[in-house]
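K.L.:
Take this structure first; my questions come after.
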Amino acid sequence: MKKRLAHGLKLMLVLSLVMSLLSACGAPSVQDTYPLESVSGSGNSTSYVYRASERTVPEVAQELSEQRQPDQISAENTERMFLVYQDEYYHLQQDPNKLEDTLVEVDSKEYVRQNYDSSFLQGYLTATLIGNLFDSFGGRGYGNYRGYTHKETYKPSAGSYRAPTSNDKKVAPPLTVNRKGSVTRRGSDKDSSVGSGGGLFNRNKDQSKGTIDRNKSSGGLGGLFDSPKKSYKKPKTRVGGGRIMRRR
């Protein structure tokens with residue numbers, strides 16, 4: 001009984017290990033953090049700007065929304081989009097000086113209240129959300145701010161942007177995105193890319209087609225998935241003896 005129990009526990013451990021390995025192979029496992037570009041504000045009124053290199057605004061919006069479902073997302077736009085969460089507003093903007101990059105501005109709700117122009121937000125957010133956001137301010141914010149890309153023309157009413165310090169990077173809201181991996185299909189000489197970025201898991205080796213012989217034992221897992229062997233063979237009878245002998 002004890003031997004059976006020990007054998008069952010070992011089998012469960014092996015199966016759980018195999019399943020975890022298969023799960024890891026099936027999904028991208030590399031995550032890079034967007035570099036922090038600039039910081040503004042203090043206390044509960046803060047704004048952090050990240051750079052998503054060689055990523056369009058819709059691509060970044062999709063990546064972020066897949067990681068964390070927003071309460072509201074503006075219509076798809078190649079120049080500017082908003083993702084609204086409970087206490088944060090993600091303002092995605094195409095960098096006018098580097099069009100292939102997207103700037104991700106993460107503003108606290110208080111920062112939006114104190115700096116943004118509500119008439120500007122009407123083109124991206126619902127009237128109900130804007131009304132609730134600026135209700136304490138009589139329906140309008142204090143400033144005419146329109147995002148980091150226009151910070152020189154429409155300056156924030158409180159604070160100014162600066163290069164982040166090491167302490168800023170420690171307290172900044174983390175932004176992670178799935179980067180590039182590749183899945184090599186058996187029998188194909190081409191890689192199927194997943195995501196975009198560093199390409200840590202790219203495979204450039206030539207792939208050869210293979211076959212599966214069900215009569216041979218499967219390797220690599222100690223025959224775990226081999227077809228079960230018969231525990232006994234067909235008994236032979238002895239003529240004239242009147243007894244059935246079972247092969248031991």
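FYI, it's all coordinate maths here, none of it is from the lab. In this text the structure is predicted, and so the values were computed from the model without any measurement. FYI the Cβ positions are ideal-geometry reconstructions off the backbone, even for glycines, and counts take in every protein chain you see.
K.L.:
What's the FRET efficiency of Tyr85 with Ser166 using the Cβ-Cβ distance as r and R₀ = 35 Å, to the nearest 0.05?
P.N.:
Values: r = 26 Å, r/R0 = 0.75.
Calculated value: 0.85.
K.L.:
Enter the Cα centre distance for the pair the range 52-105 and the range 149-176, rounded to the nearest angstrom.
P.N.:
16 Å
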